[in-house]
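Undergrad: Just dropping this structure here.
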Amino acid sequence: MTTHAHDEDARLAALHSYGVLDGPRPAALDELTRLASSIFDTPMSAVSLVDRDRQWFAGTTGLADAETPLDVSFCARTITDRRQLVVPDARTDPHFHSYRNVTGDPHIRFYAGSPLVDEDGHALGALCVIDDRPGDLGPRQREALDTLAAQAVGHLSLLRNRILLTELGDELARATQREEDLIATVSHELRTPVAAIQGYLELLAEEEQPAAYAQLVEPIQRNGERLIRMVDHLLTGTRPAHAPSELHRTQVDLAMVVEAAWRACRALAEQRAVALTVVPAPAQVVVRADVTQLTHAVQQLVRNAVLFTPPGGDVTVSVVAGPAPTVEVADTGVGVPADELPYLFQRFYRGRHARQQAVPGVGLGLHIARQVAAAHGGNVTLSSGVTGTTARLSLAG
């Protein structure tokens, strides 16, 4: 057996040891691809695991297939080179221009992927972002893509460690595995039909049709996306208190987290005529954090601020370096009555204003944000007055 063949056999053995292939897609990896698409403003992204003769998507956004053969895999080239691969326009690339996913659906033009290299040095696949328009990455975006790839590897390692613990008979590990499987299965079963409906709606939107029908497509798509977000929100917020929140920490600039949260909430702010502003940080504030969870927590705070700010108001998001790394979200909204402040972080709590004005939500946003902060050794606090509310998510320094 040649050295190359031996190395490939070892790589494949390592890949299969994670126990992910052909199972329910881990919810954390689906969330990571949605975060990647948001950060890089691309319609497609994936966590691709490269098997012997295929690539299987352990997490995906905007891609219809669960797997594809290696002869159309950009990610297979990424793991061969074991370094980040950026293809600005696949039509002019001598290696990829004839791929059928370039010449046909989904008409790949821009591809950027970072290899998933585990702690044993095995290249498992790649985290990639894909667009049907040409593009490129700047230095900070390249760094961010590597950060997200490291995050994906961390989630895979957590999954494998859980399998090992289960084999040793650890009851807590088995219970956590069942919970994660349930979450992944419920998420998949609810997301899959909605995603299929949205795909057909996109096809309808491209066809010539009477204006009356065209006007129906957009609200159906919007409410489908809202349903998916609500399922994710409920599953996150109803995690049992005794089940530990597993983190994979990587070095991340808080400015990147804030930008991703801003991207996720800007459409809501525009819809409600609220000015949503990010104050540029004077210097980098780098923390060790779980990027996906921390971004989700900041997003909850920003969304909350937008929902409770009247039209014409302002929401400002900023990063504070010390004494502890902190994200501040300040609004010019209605404020919180003093008698309600002690209850705001309880699950499903909705104050008088939320009930009377039918503010969207189920009362989980602040609870989720505080859970994530606590898992990072930090906290979320609120201060409120007649001029609005300020939420502060602080992390351990």
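Undergrad: Could you estimate the translational diffusion coefficient of the range 3-167 from the Stokes-Einstein equation, with Rh from the Kirkwood formula over C-alpha pairs, at 25 °C and 0.890 mPa s, in whole µm²/s?
TA: 156
Undergrad: How about the range 29-98: which trypsin sites (Lys or Arg not before Pro) there are in a DSSP loop, with at most 16 other Cβ atoms within 10 Å of their Cβ?
TA: Arg52, Arg82, Arg83
Undergrad: Taking the Cα centre of the range 3-167 as origin, work out the dipole magnitude from +1 charges on Lys and Arg Cβ and -1 charges on Asp and Glu Cβ, in debye rounded to 20.
TA: Magnitude of the dipole: close to 240 debye.
Undergrad: Another question, then. More than 22 angstrom separation, counting every C-alpha pair in the range 247-383; what % is that?
TA: Result for the distance tail: 35 percent.
Undergrad: Further question: Taking H placed 1.01 Å from N in the peptide plane, check which residues at least 5 places from Val278 or on another chain put their amide H under 5 Å from its amide H.
TA: Close amide H contacts, sequence-distant or interchain: Val317.
Undergrad: At a Förster radius of 45 Å, what calculated FRET efficiency corresponds to the Cβ-Cβ distance of Asp120 and Tyr349, to the nearest 0.05?
TA: Efficiency, rounded to the nearest 0.05: 0.50.
Undergrad: Now, a different point. Treat each spin label as a single point 7 Å out from the Cα along the C-beta direction, and report the Glu270 to Val72 distance in nm.
TA: If labels sit at Glu270 and Val72, their model points lie 3.2 nm apart.
None of the figures in this text is laboratory data; all of them are computed from the coordinates on show. Given the structure is predicted, the values throughout are model-derived calculations rather than measurements. Quick reminder, even Gly has a Cβ in these numbers, built from the backbone with ideal geometry, and neighbours come from all protein chains shown.
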